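Each value in this text was obtained by applying a stated rule to the coordinates, not by laboratory testing. Not measured: the values here are computed from a predicted model. Cβ sites come from the backbone with ideal geometry, for glycine too, and all protein chains shown count toward neighbours.
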Amino acid sequence: MLHGPKKTQALAGELRRNMSLPEVLLWQELRKRPGGLKFRRQHPAGSFILDFFCARHRLAIEVDGEAHDRGDRPVRDQRRDAMLIAAGIRVLRIPAKEVLGDLDAVVAHIVATALPPSG
């Protein structure tokens with residue numbers, strides 16, 4: 001399981017209390033355990049904090065608002081994704097506008113990504 005230093009853990013707690021609207025809406029659905037998946041929200045991973053993390057299926061979900069396109073954020077996101085991939089974690093980036101526009105489709109996509117097709 002991924003962990004972070006105490007400073008990152010404290011920041012994760014702060015972020016849990018101040019989630020964005022798309023994060024809140026997605027969390028309301030993910031906490032229902034769609035497809036039997038258990039997610040943690042604002043989970044520390046080294047010096048980073050994942051929006052949502054399913055440990056069993058090693059899947060990180062990142063809700064990207066428009067701020068992810070500005071400044072050093074794209075480079076930081078690439079660095080974070082590379083660290084996660086190197087640790088065997090899949091990263092699913094979802095635009096915030098998709099969460100706001102079609103939450104059911106986003107949740108279905110998350111479940112389909114996490115669970116391999118049976119057969």
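Can you give the FRET efficiency to the nearest 0.05 for ARG58 and VAL111, using r as the Cβ-Cβ distance and R₀ = 22 Å?
With a Förster radius of 22 Å, E is 0.90.
How much length, in nm to one decimal, is gained on full extension between GLN78 and LYS32, taken as 0.36 nm per residue of separation minus their Cα-Cα distance? Intermediate results must be reported in sequence, preceding the final value.
On the way: separation 46, 0.36 × 46 = 16.56 nm, distance 2.99 nm.
Taking GLN78 through LYS32 to full extension adds about 13.6 nm, to one decimal.
Hey, what do the phi angles of segment 35-41 turn into as Karplus ³J(HN,Hα) couplings, whole Hz, using 6.51/-1.76/1.60 and θ = phi - 60°, x for Gly and Pro?
With coefficients 6.51, -1.76 and 1.60, one gets x, x, 7, 10, 10, 9, 10 Hz.
How large are Rg and Dmax for segment 23-69 when only the alpha carbon atoms are used, in Å?
Reported Rg and Dmax, both Å: 11.0, 33.
Amide H neighbours of GLN42 under 5 Å, counting only residues 5+ apart in sequence or on other chains, H built in-plane at 1.01 Å?
Distant-sequence amide H within range of GLN42: PHE52.
In whole Hz, with x marking every Gly and Pro, tabulate ³J(HN,Hα) for segment 53-65 from phi via Karplus 6.51 cos²θ - 1.76 cosθ + 1.60, θ = phi - 60°.
So the J values, rounded to whole Hz, are 9, 9, 5, 4, 9, 6, 10, 9, 10, 10, 9, 9, x.
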